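Notes for the one structure printed next.
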Amino acid sequence: MPSLSPTLLRPLLFTAALGVPLLAHAAGQDPGVQAGISAGATSGAYAHYDVKPLVVPAVAWQGERFFASPGSLGMYLYKGQGLRLSAAVTPYTLRFKTDDVNDAQLRRLHSRQMSAMAGINGEYSADWGMVEASVMREVTGHSGGIESRLHYSYPIQAGRFTWVPRAGVVHSSARLLDYYYGISDEEALRSGLAAYRPGSTTSPSLQIAVSTPLGTKWRATGVVANQWFGDAVKDSPMARRGTQTSAFVSLMRAF
């Protein structure tokens, strides 16, 4: 299996309702620093919502014990025999801003902010690909909800390009979904929408990432991902449809 670095291989939770990992996986396991810029957008998370691109500076650092990427900060707990266990903090970038809503009823709801998630990640690499699993808890006081992920990926080298198809499932707890998709009785009275309290749900996802070096120092990466929501999300008056699509690109320089 081709060797890839954490910038392409470690999930970047650039957004949300994937709460989904989006700029995942880059090239090489060598220690060092990379810096650049990432940009992208996600559509389908909310009904009548203006999709605005997100552009952020990106820094990645790979050390023997600690690591940082555009979407995570953490430390390794164990490395050996193809297995890596780590503790990490990542952003959960789903947000609902009433100023960006084009519906009079939805504008009467409370805004929902981005969150931080903390937990344990596990990765196992072999000739047949990579299996990744994580359990993360919301730690910024918005819900205290939990999200669990299980994904399989396999890097394919094609000339100067590395393609990484990735498939898996995301399980979101009722408390996490209630913050982002629930409607309280008070909001229902104010907006005229039905009150809604979602349960937990499991959602399948597919992602394709492609990465290529640009000279000796630069690397470009692109990611397209799709997630199919479970009924707990689809049944919310805040949801637009049953799927969410995200696309991101990054340009990074090694130092």
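Quick note: the coordinates plus some simple rules give every number you see, no bench work behind them. Please read these numbers as outputs of a predicted model, since none were measured by experiment. Positions of Cβ are backbone-derived with ideal geometry, glycine not excepted, and every protein chain shown enters the neighbour counts.
Odds and ends about this structure:
- Per residue, the average separation of C-alpha pairs within less than 8 Å and at least 6 apart gives the range 6-254 a relative contact order of 20 percent.
- Protection-proxy order for peptides 210-216, 243-249, each taking the mean of Cβ atoms within 10 Å per residue, highest first: 243-249, 210-216
- Farthest toward the positive end of the dipole of the chain, out of ALA104, VAL170, SER69, is the Cα of SER69, where the dipole comes from beta carbon charges about the Cα centre.
- The phi-based Karplus calculation (6.51 cos²θ - 1.76 cosθ + 1.60; θ = phi - 60°) puts the 3J(HN,Hα) values of the range 227-232 at 10, 9, 6, x, 4, 4 Hz, whole numbers, x for Gly and Pro.
- Computed from backbone phi with θ = phi - 60° and the Karplus coefficients 6.51, -1.76 and 1.60, the 3J(HN,Hα) list for the range 93-101 is 8, 5, 8, 10, 10, 4, 5, 9, 9 Hz; x is used for glycine and proline.
- Options [x] 49, 40, 35; [y] 58, 32, 27; [z] 72, 40, 38 - which one matches Cα extents along the principal axes in Å as calculated here: [y]
- Rounded to the nearest Hz, the phi-derived 3J(HN,Hα) couplings of the range 73-90 under the Karplus curve 6.51 cos²θ - 1.76 cosθ + 1.60 (θ = phi - 60°) are 9, x, 9, 7, 9, 7, 9, x, 6, x, 9, 10, 10, 8, 10, 8, 10, 9, where x marks glycine and proline.
- Positive contributions from Lys and Arg (+1) and negative ones from Asp and Glu (-1), summed over other residues with Cβ under 13 Å from the Cβ of ILE37, come out at +2.
- Dipole magnitude (debye, nearest 20) for the range 6-254, charges at Cβ of Lys, Arg, Asp, Glu: 440
- Calculated [θ] (222 nm, deg cm²/dmol) that DSSP helices of n ≥ 4 give over the chain, each run adding -39,500 (n - 2.57): -2000 deg cm²/dmol
- Dipole orientation for the range 6-254: of the candidates SER115, ALA39, PHE229, ALA39 has the Cα lying most toward the positive pole (charges on Cβ; Lys, Arg +1; Asp, Glu -1).
- Selected from ASP127, ASP178, ASP231 as most flexible by GNM, with the chain as the system and alpha-carbon contacts under 10 Å: ASP127
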